[in-house]
Amino acid sequence: MYATRSTRVKTDKRDARTLCEALQLGAYRAVHRSSDAQRHLRAQLVVRDALVRTRTRYVAIIKAFVRPEGLRIPSGDAEHTVAKLLALPLAPHVHAELAPLVALWPRSTRRSPRRMRASSRSRRTIRP
């Protein structure tokens, strides 16, 4: 791009001229910029992915804390994990260790990823 550059000081005027020459030579290609709706949808999907990963990690941690006690949480919807945990006859120290995670659980599942997926589908007006 600066093949014809001399030892003179770099200035905005020279930069502008060099960019114009590069455009005329075809050194730059046109770039597609996503629409506002597409960027909004992509942001929702990133948030959804983070929620799914967080919820999956929480379920794995809860199951890992229960296993050493000789019990197991049956598989099923992640939304029912805390109810299944509370139904188990666990030692008080296990409940105390999991209390912060259980306290966060309702906030993390209030709007589940399944509901987010459905709402993003209903609002989708563009094609990815």
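A few points about this structure:
- Yes/no for VAL52 being among the β-branched types (Val, Ile, Thr) and either in contact with a Ser or Thr (Cβ under 7 Å, 6 or more places away or on another chain) or assigned by TED's automatic domain parsing to the domain that holds VAL102 (or both): yes
- Residues of the stretch 65-86 classified as over 16 Å from TRP105 (Cα atoms) and in a helix (DSSP H, G or I), total: 4
- Restricting ARG57, ARG48 to residues that are assigned to a helix (DSSP H, G or I), charged (D, E, K, R) and crowded, with 17+ Cβ neighbours inside 10 Å narrows the list to ARG48.
- Of all residues in the stretch 42-55, none that is closer than 14 Å to LEU104 by Cβ has its Cβ atom under 8 Å from the Cβ atom of a residue that is of a type in the set (A, V, I, L, M) and not in a helix (DSSP H, G or I), 6 or more apart or on another chain.
The values are calculated or read from the model by the stated rules, or taken from the named source; none is laboratory data. It should be emphasised that the depicted structure is a prediction, and the values quoted were computed from it without experimental measurement. Glycine also receives a Cβ, built like all others from the backbone with ideal geometry; neighbour counts cover every protein chain displayed.
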